[in-house]
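Chemist: Have a look at the structure that comes next, please.
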Amino acid sequence: FTDYAGHAKDLAKKLDYSGYDGLCAIGGDGTMFEMINGMLKRDDQKTIPLGLITGGTGNAFMHDVDCLDPLEAASRILKGNLRQLDIAKVDAKDELYYSFNIIGWGLVTDAGHLAEKLRWLGGLRYDVAAILEVLIGKKRIAQLLINNEVIEEDFVFIIACNTIHTGKGMKIAPFAKLDDGLIDLLVVRNVKRLKLLSLFTKIFNGDHIKDTKVEYFTTKKLSIKSEKEYPLN
């Protein structure tokens, strides 16, 4: 059992990998994030295959690989069929992180922070937090550098995706692929709250990307700069 936030990261970083075929955990996206970051920051630089048995709240990654049943996940691990997974290197204020599913900035991050305070709501906390953040409304001025273009704007959110899903089954980036070497980037500039709420209802089936207020890019690299400090998810 993990005893504290970051415990899975510490285990992946410090465990002796000698004689083992893989490192597996029962958990969700947060557990997977910790395992990847622990392994890729090892002093000996050793790596072994990772396995995840479905046991989280949102399970965005497991939605992407169509494996929401923990028994099915365990069965796949035992078969040993490996697959490649893109990893994004994130340099945030001199801190290095490795991301395998999403990098969120703006409303999506604020909603993620708020959702942590609403864990008693279970999977619904992501939906409730997102709606509350839409209703609050905030200005977020930043400069986005992507594909040799600079966009300076009041952004609602910027989210870089390697997985199709985020949260509890939201199809945030319907064209994303786990192993194509590309980031699928969604950008929403400042729009009215009612429009945001209508977009939110479309995220679960991916129809939000049809809206003219949603910009969809693919890229290998991007940068976000702002005078005010904002957290990343």
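Chemist: Give THR47, THR31, THR54 a once-over and let me know the one that is without any contact (Cβ under 8 Å) to a residue 40 or more places away in the chain, of a type in the set (S, T, N, Q) and in contact with a strand residue (DSSP E or B) (Cβ under 6 Å, 6 or more places away or on another chain).
Modeler: THR31
Chemist: Quick one: would you say LYS93 is modelled with pLDDT under 95 and closer than 22 Å to LEU232 by Cα?
Modeler: Yes: the conditions hold for LYS93.
Chemist: Report yes if some residue within the range 91-110 is in contact with a Leu (Cβ under 7 Å, 6 or more places away or on another chain) and open to solvent by 30 Å² or more (accessible area, probe 1.4 Å); otherwise report no.
Modeler: Taking every residue of the range 91-110 in turn, at least one turns out to be in contact with a Leu (Cβ under 7 Å, 6 or more places away or on another chain) and open to solvent by 30 Å² or more (accessible area, probe 1.4 Å).
Chemist: Quick check on this structure: which one of ASN101, ASN147, ASN81 is more than 16 Å from the chain's Cα centre (by Cα) and under 19 Å from ASN162 (Cβ atoms)?
Modeler: So the residue among ASN101, ASN147, ASN81 that is more than 16 Å from the chain's Cα centre (by Cα) and under 19 Å from ASN162 (Cβ atoms) is ASN147.
Chemist: Give just the number: which of (1) out of contact with any helix residue (DSSP H, G or I) (no Cβ under 7 Å at 6 or more places or on another chain); (2) in contact (Cβ under 8 Å) with a residue 12 or more places away in the chain does ASN81 not satisfy?
Modeler: Only one criterion in (1) out of contact with any helix residue (DSSP H, G or I) (no Cβ under 7 Å at 6 or more places or on another chain); (2) in contact (Cβ under 8 Å) with a residue 12 or more places away in the chain is unmet by ASN81, namely (2).
Chemist: Filter the range 165-176 down to the residues that are open to solvent by 10 Å² or more (accessible area, probe 1.4 Å) and of a type in the set (Val, Ile, Thr) and list them by number.
Modeler: THR166
Chemist: Among the residues of the range 198-233, count how many are of a type in the set (D, E, K, R), farther than 20 Å from GLY169 by Cβ and open to solvent by 50 Å² or more (accessible area, probe 1.4 Å).
Modeler: The total comes to 7.
Chemist: Tell me which residues, restricted to the range 126-144, are surrounded by fewer than 15 Cβ atoms within 10 Å (Cβ to Cβ) and assigned to a strand (DSSP E or B).
Modeler: ILE141, GLN143
Chemist: Related question: Need the failing condition index for ASN162 against (1) open to solvent by less than 80 Å² (accessible area, probe 1.4 Å); (2) closer than 21 Å to LYS93 by Cα; (3) modelled with pLDDT of 95 or more, just the number.
Modeler: (2)
The values are calculated or read from the model by the stated rules, or taken from the named source; none is laboratory data. Treat the numbers as computed from the prediction; the structure is a model and nothing was measured. A quick note on method: Cβ atoms are made from the backbone with ideal geometry, for glycine too, and the neighbour counts reach across all protein chains shown. Quick note on the areas: whole protein, heavy atoms, side chains included, nothing else; ligands and nucleic acids left out. Shrake-Rupley method; radii C 1.70, N 1.55, O 1.52, S 1.80 Å.
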